[in-house]
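What follows is calculated from the coordinates using simple rules that are stated; it is not laboratory data. Small disclaimer: the values here were computed from a predicted structure and weren't measured. Counting neighbours? That spans all protein chains shown, and the Cβs are built from the backbone with ideal geometry, glycine included.
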Amino acid sequence: MVKITMDRQEMDVPAGTTILDAAENHGIHIPTLCYYAHLNEIGSCRMCLVEMQGKDQLVTACNTKVSEGMRLATNTPAVREARQTNLELILSQHRVDCTSCVRGDNCSLQDLANNMGVTSQDYEKELAAQKWDMAFPLIRDNSKCIKCMRCVQVCDKIQQLHVWDVLHPGSESDIGVRENLPISEVNCSLCGQCVTHCPVGALSERDDVPRMMAALADPDVTTVVQIAPSIRAAWGEDFGMTPKEGTVKRLASVLRHIGFDYIFDTSFSADLTIMEEASEFLHFMGDRPDDNLPLFTSCCPGWVRFAKTEYPELLGHLSTSKSPQQMFGAVTKTWYAEKMGLKPDQIFSVSIMPCIAKKSEADMPSMTREDGTPDVDLVLTTRELDRMIKSEYLDPRSFPESELDDPLGVASGAGVIFGSTGGVMEAALRSAYYFVNDKNTDADTFKAARGQDGCREVDTEINGIPIRGIAVNGLGNARHLIEDLKAGRRQCDFVEVMACPGGCVGGGGQPIHDGEEWAARRAPTLYNLDERNTIRFSHENPSIKEVYKEYFGTPLSEKAEAVLHTHHSAAER
Amino acid sequence: MSRLSLDTTTAAEQTASALYQSLQLRMAAAPTASCPVEIASAYTHLCHSQSCGKCVPCRIGLGQLENLLEAVKKGEATEATLDVIERTARSIKNSADCAIGYQAAAEVLRSLVAFRPDFENHIQKGFCSAPRQGIPCVQECPAHVDIPGYIALIADHRPTDAVKLIRKDNPFPTACAFICEHPCENQCRRNLIDRSINIRGLKSYCVDKATEDIFPMDKMAPTGKKVAIIGGGPSGLTTAFYLELMGHDVTVFEKRKHLGGMLRYGIPSYRLNRDNLQRDINLILDSGVEVHRDYDIDSAEAFENLKNEFDATYIAIGAHSHKALKIAHADARGVLSAVEMLRGIGDGNLPDFKDKKVIVIGGGNVAMDVARSSIRLGADVTIAYRRRQEDMTALPAEVEGAIAEGCHMDELMAPAEVVVDENDQVTGLKVQPQVIGPYRKGRPSPRAADVPPVVLDADIIVISIGQSIDSQKFEDAGLPRQWDQLDATAETTFEGHNGVFSGGNCVTGPATVIKAIAAGKVAAANIDEYLGYDHKVETHIEIPEPLLHDRVPCGRVEIKERPIGDRKDDFDDVELKLSDEEALQEASRCLRCDHFGYAAFREGRQRTW
């Protein structure tokens, strides 16, 4: 412990603590902007400056550690002047377009300017434009970039894809796609982590809400919407709702009010994915390739894009089962359309996803029907969903809960936990066990898969055969694991990969809480729903039984292969 | 009203002059990693600010040149812009009235050639491919020693840890403490404030204060792989040390009686005493290196046999042969080569120079070593050099040391002929006085003055005009050469010769010890990889947080030397150590570029290699 004084308050602080943390722990709030704990502690924005006795120069609180006898003041004239001047300098290179900015109501820069009372500016505007492909699912507006470096850091350190770089040193210092290449030409996984780590509106998803509204306004189409598992853990945050308030059933009522015809659940098709993938896994175990590498999941499109650019040689090891989103789209425009007597092109199939990569997945030619229409017509992120609700001037709290529609709105708890790292593996093992033993094990048998660590191992056995599954999240962790597997340093049978830290609950399309990771606080919502669900096994979902009985027969049947499976090609991203 | 008055300096003029001085300091610490286009543009802007405004090319042309360069920098230019830049700069160079204009344009023209790929990259791709700023001292050190790290440890009173940390990248901290040319100090950011940190002084302090010598990391599990090192100098021993720590089985083959290479056979002990050299070698040997001394790999066949016996081979034979001077009677009795003389001293055979007149030919560090050794052997020494003293390639401190110890400096004297008596014994050196002239290849070149040659009396002449490499046998074995240098890649490899590596002086030609060590480090990493491993060298030491005082201008502590009268008759250390007080003050001057600046974001500390 070291003794310090901050704003005349004496504190005992553990050695090694930063000034920022010491202040926060003692109720003193120091503003930050570029700072992101454990990721970006580089002191570039100078908002967290404080005054230290005995030193003329101000010090940054975010990356300076306390030392014995330190006397600090966080709000002196020198501090205020320096913070305000630096803030104005940042603003001189920021397109201040708050009224029509996607982050207009959630912007750390705006908060700072408001709080510090910056109402006029002494500096000339210097806005640097860059060209951008506005059709790409990820959008970057260089004129709003404040060069905090967070996007560079998250892509370097967490995802290890190095998409972003500092394009120039010196006065032209600028962030952009590595080597100033077009974004579609680099290995961007579209995980969207740069978006959720951006403190301003420089990075966002392609805004597909206008297309959504046009479809809703078209009297000739039936709008079918699927809600991804993790949406129920997050969509209410933008309205200040707790997970208990922001339920999927309340969302169903809101969407019905907006005009959607059928409200369904991606957790249903997650169950369908399990039926196919667990069967595929049992086949795989019975006919293991010589290289001894495991079967990888393929439900995360960020991961699949990553595999296509970084490890194309592994594509043969990815499950051929389509992702839940795409299975849903395929089932909707086949079995469900037939059942409802609709033509596929009369259906506008929408998915609400925690994810930006899902937009590109839905657009892939292999996910398009023979008539040229896509299985999933439009993908909205959680943030777009919330913006759409806001634009309708709705108060979601005032809506009652209502059931999702039958039959594609019925899901097991196993389908719901798909939204968290480890959830796919746990759900698959539950059903694999049943397929082998013809009886269920306790639903919590494989709970070792749960947790937030980057890489978790589950050792189990099914019918005397030892099985090792690994759940990995974050693409840097995935790369590390793959290198170990390829070098023979680790072995396993099954790997679940989710590109985003924490899985879809931490997805790149989820609501943004600047400077905070919310995956760990969202995951319990999904596990609680699983625990409370009377159906906890995908194979027990009555709608799943129905779809096999009426349409597919059995998992991996010819029809199932044709509709529910795909071929992963590195050429298609 | 008086007719004349003395010039006085106004406060504004004084401040302007201070700004220029500060600019000089800034340039001295210029980050090498800057955008070349921006530097050219900023340079042009500065030159333009110096224009008096009388003539067109300079008054208008430099401004337009800057506009064009700015367009390139901003990515608004096309290929055609480059042509306009070239034409404009050429015209200014050819037409400006005074040097303010034409010199500026000449430099822009030069940078246009040198930076062509950078200019084109800006235009075609819209980004700057120049390397980014890192930690200046670490980047400049060929072996990339963690300099801010060990300076912080010194400031934290942990000299033993400091030396351990140095050994992560350089197993010769003690030797380098005395004789490293310290390129790390050149671009020290402290130059922006006052002067660079005395990094070598601090290294010398911490090796002196360290209570024990320890491996930078624990030895790894044995791999059973066998590596042969030809040459037990700094490069070979560096490779041997790290490969042993990585668990490989290393054998060094040394041609001479002792290990150390040029550190022993090239550098006199008053600069690096043998105990200090042995200290580094002892720790290297403790790692388990097997050594065969007096073992010459003397033929292509011997090399082939060795290669077949071992899994990998590193050739680090240095540059130990002398370059001959092609003048009459250069082989007379009393004419020695510098390498020959220093080698003898290295083996403990001191020549009898008592009261002899010795002429040393050359102006490099080795010439100074020979001259100062001769002084210690009781000789009357003259250094004959064909350029000016300021053109000498030796470190200024070495030249000053030689003069202080009593060497006569005969500059602008080109050797013409060795004068001999009837017994072919040297009696003097005939030299042709020179006039310094125009620059060639960046250096002013001398030419014979319009005066007759003169003869300088001499009993001994030591020729120190460079070293060559005994590399014929390796060419016979199929390895490529450039002149006498082995033509290895920057990865210390040879294309088409798997498992054979080479580095140090035998590849670069005579160069600094730290470059040889760097080559040894590169070779160790690449040999490890070649053998199928990915062993990481890493030292687990927490680097202390930066001190938080303001960095105000403060004098640089210099290394003191023993008084001349005291030191010039023995081969003991010339240099003295920094005191605790001096070292701690010097360490506290460090700006900690590992924490402040770009390195906090990228290009920062490399904890492993």
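Worth a mention:
- Helix screen, chain B: no DSSP H segment has Cα axial length of 27 Å or more and mean Kyte-Doolittle hydropathy at least 0.5.
- Between residue A:207 and residue B:95, the modelled labels are 5.3 nm apart [label points 7 Å from Cα along Cα→Cβ].
- If the chain linking residue B:447 and residue B:490 were pulled fully straight, counting 0.36 nm for each residue of separation and taking away their Cα-Cα distance, it would gain 11.8 nm.
- If the segment from residue B:549 to residue B:400 were pulled out straight at 0.36 nm per residue, it would be longer than the present Cα-Cα gap by 50.1 nm.
- Dipole of the protein assembly as shown, positive end: most advanced residue of A:219, A:235, A:203 [Cβ charges, Cα centre]: A:203
- Cα gyration tensor, region A:124-205 - rounded (a/c under 1.5), prolate or oblate: rounded
- Phi angles of region A:5-20 translate, via the Karplus equation with coefficients 6.51, -1.76, 1.60 and θ = phi - 60°, into HN-Hα couplings of 10, 10, 6, 6, 9, 7, 9, 9, 10, x, 4, x, 7, 7, 4, 4 Hz per residue; Gly and Pro are given as x.
- Per-residue average of Cβ from other chains inside 10 Å of A:145-154: 1
- 10 Å binning of all Cα-Cα separations within region A:2-91, expressed as whole percents from 0 upward: 18, 53, 26, 2
- Peptides B:499-510, B:475-486, A:35-46 ranked from most to least packed give B:499-510, A:35-46, B:475-486, packing being the mean of other C-beta atoms within 10 angstrom over each peptide's residues.
- Nearest-0.05 FRET efficiency for residue B:326 and residue B:15, computed from C-beta distance (R0 56 Å): 0.50
- Antiparallel DSSP beta bridges within the protein assembly as shown, as percent of all bridges there, nearest 5: 50
- Amide H contacts under 5 Å for residue B:135: none, restricted to partners 5 or more places along the chain or on a different chain, H placed in the peptide plane at 1.01 Å from N.
- Highest-first packing order for the peptide set B:119-130, B:436-447, A:281-292 is B:119-130, A:281-292, B:436-447, based on the mean count of other beta carbon atoms within 10 Å.
- Amide H within-cut-off set for residue A:174, under 5 Å, with H built and near neighbours excluded: A:167, A:168
- Rg to Rh, two decimals, where region A:317-447 supplies the alpha carbon set and Rh follows Kirkwood: 1.01
- Judged by the mean number of other Cβ atoms found within 10 Å, the most tightly packed of the peptides A:396-402, B:393-399 leads the ranking B:393-399, A:396-402.
- Calculated P(r) tail over 47 Å for the protein assembly as shown, as whole % of Cα pairs: 48
- Modelled label positions at residue A:465 and residue A:132, each set 7 Å beyond Cα in the direction of Cβ, lie 4.9 nm from each other.
- Between the amide H of residue A:379 and those of A:351, distances stay under 5 Å, these residues lying 5 or more places away or on another chain, with hydrogens modeled in the peptide plane.
- Projecting the Cα atoms of B:363, B:345, B:439 onto the dipole axis of region B:322-467, where Lys and Arg carry +1 and Asp and Glu carry -1 at the beta carbon, places B:439 farthest toward the positive end.
- Pairwise FRET efficiency - residue B:350 versus residue B:424, Cβ, R0 = 30 Å, nearest 0.05: 0.75
- Bridge type composition, chain B - antiparallel percent by DSSP, nearest 5: 40
- Simple Cβ-charge dipole of the protein assembly as shown, Lys/Arg +1 and Asp/Glu -1, about Cα centre, in debye nearest 20: 2040
- With both labels modelled 7 Å from their Cα along Cα-to-Cβ, the residue A:217 to residue A:445 distance reads 5.4 nm.
- Extension gain (nm, one decimal) between residue A:120 and residue A:457, 0.36 nm per residue minus Cα-Cα: 115.7 nm
- Gyration tensor (alpha-carbon) shape descriptor, region A:509-566, a/c threshold 1.5: oblate
- Helix A:423-437 axis, angle to chain A major axis (alpha carbon atoms, nearest 10°): 20
- Antiparallel DSSP beta bridges within chain A, as percent of all bridges there, nearest 5: 55
- In degrees, nearest ten, helix A:266-286 long axis to first principal axis of chain A (Cα): 70
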